[in-house]
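Only one structure is covered here, and it is reproduced in the block below.
The values are calculated or read from the model by the stated rules, or taken from the named source; none is laboratory data. Here the structure is a predicted model, which is why all the values come from computation and not from measurement. Glycine also receives a Cβ, built like all others from the backbone with ideal geometry; neighbour counts cover every protein chain displayed. For the accessible areas, the whole protein counts, side chains as well, though only heavy atoms, and no ligand, DNA or RNA atoms are used. Shrake-Rupley method; radii C 1.70, N 1.55, O 1.52, S 1.80 Å.
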Amino acid sequence: EPEVTQTPSHQVTQMGQEVILRCVPISNHLYFYWYRQILGQKVEFLVSFYNNEISEKSEIFDDQFSVERPDGSNFTLKIRSTKLEDSAMYFCASSEEEALNLEAFFGQGTRLTVV
Amino acid sequence: AQKVTQAQTEISVVEKEDVTLDCVYETRDTTYYLFWYKQPPSGELVFLIRRNSFDEQNEISGRYSWNFQKSTSSFNFTITASQVVDSAVYFCALTSMDSSYKLIFGSGTRLLVRP
């Protein structure tokens, strides 16, 4: 069964460092998403991406964050200068269409720890 | 505005007990989808079910059942004869055109099943 793959599964980084989280969406999917879950809290939408541009972003997704699809298969989330409060589980998701009845498939998550 | 409320923060039951996890949602849309996800201690999000707003039939899948009631805007999840492996955090989520198809999650219910 096709699946969304995220790497690394766990990353520890020093405050102020740049970090790139990687995702390989399901191959025929066109819509890509990043969600974040601070430990013990709800899963929150960060950004959606379609046709090589951001479709929508939340207020959490400030100038420190960026996304790109550099090579047609990977979908990355970059945090330019990490802060302690960026420590969270980051989930990538993809879907075939932007339609209600289609499930967004989630990756297994990357746990980011900023020290 | 879209909102999902899971009022039960944590539930503890003894194995073989039945347990119901509550989910109440708010949306102005008449077409929407509701989801349940399981998050085991390993952290990934496991898709359990998706229901659309036009299908109020209750659904049963093994020990799991779901009760969708539009009149009370609720989509409750029951686990029959709970097992220790059911211990996890369970999230209810909503998507609709009003949310631009992104998933709006509830805060989750932590279920602990004791042997």
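Report the chymotrypsin sites (Phe, Trp or Tyr not before Pro) located in segment B:33-115 that are in a DSSP loop and have at most 10 other Cβ atoms inside 10 Å of their Cβ, or state none. Numbers along the way, then the final one.
On the way: sites: B:Tyr33, B:Phe35, B:Trp36, B:Tyr37, B:Phe47, B:Phe54, B:Tyr64, B:Trp66, B:Phe68, B:Phe75, B:Phe77, B:Tyr90, B:Phe91, B:Tyr101, B:Phe105; in loops: B:Phe54, B:Tyr101.
Filter output for segment B:33-115: B:Phe54.
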Based on a Kirkwood Rh over C-alpha pairs, give the Stokes-Einstein translational diffusion coefficient of the protein assembly as shown at 4 °C and viscosity 1.567 mPa s in µm²/s. 71
Net charge of neighbours whose Cβ lies under 14 Å from the Cβ of B:Thr5, counting Lys and Arg as +1 and Asp and Glu as -1: 0
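So what's segment A:29-115 giving for Rg/Rh, alpha carbon basis, Kirkwood Rh from the mean inverse pair distance?
Details: Rg = 12.8 Å, Rh = 13.4 Å.
My calculation of the ratio gives 0.95.
Ignoring any ligand, DNA or RNA, what whole percent of the accessible area of chain A comes from carbon and sulfur when the probe is 1.4 angstrom? Provide the component values of the computation, followed by the final result.
On the way: 2580 of 5810 Å².
C and S atoms contribute 44 percent here.
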Counting only the heavy atoms of the protein chains, how much of B:Ser12 is accessible to a 1.4 Å probe, in Å² to the nearest 10? 60
Please report, in Å, the Rg and the Dmax of segment A:1-68, where both are computed over Cα atoms only. 13.1, 38
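Taking the solvent-accessible surface of protein heavy atoms with a 1.4 Å probe, what is the per residue accessible area of segment B:25-115 in Å²? Walk me through the numbers before you get to the answer.
Details: 4040 Å² over 91 residues.
On a per-residue basis, 44 Å².
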For segment B:4-86, which trypsin sites (Lys or Arg not before Pro) are in a loop by DSSP, counting at most 11 other Cβ atoms within 10 Å? B:Lys16, B:Arg28
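Which whole number in µm²/s is D for segment B:44-109 by Stokes-Einstein, with the Kirkwood Rh taken over Cα pairs at 20 °C and 1.002 mPa s? Don't skip to the answer; put the middle values down first.
Details: Rh = 13.3 Å.
Approximately 161 µm²/s, per Stokes-Einstein.
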Between B:Thr78 and A:Ile20, what is the FRET efficiency for a Förster distance of 41 Å, r being their Cβ-Cβ separation, to the nearest 0.05? 0.45
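On a 27 Å Cα-Cα criterion, which of the cross-link pairs A:Lys83/B:Lys38; A:Lys57/A:Lys83; B:Lys16/B:Lys102 come out too long? Kindly include the intermediate steps, with their values, before the conclusion.
On the way: A:Lys83/B:Lys38 29 Å; A:Lys57/A:Lys83 19 Å; B:Lys16/B:Lys102 36 Å.
Listed pairs above 27 Å: A:Lys83/B:Lys38; B:Lys16/B:Lys102.
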Return the value, in Å² to the nearest 100, of accessible area buried between chains A and B (probe 1.4 Å, both sides summed). 1800
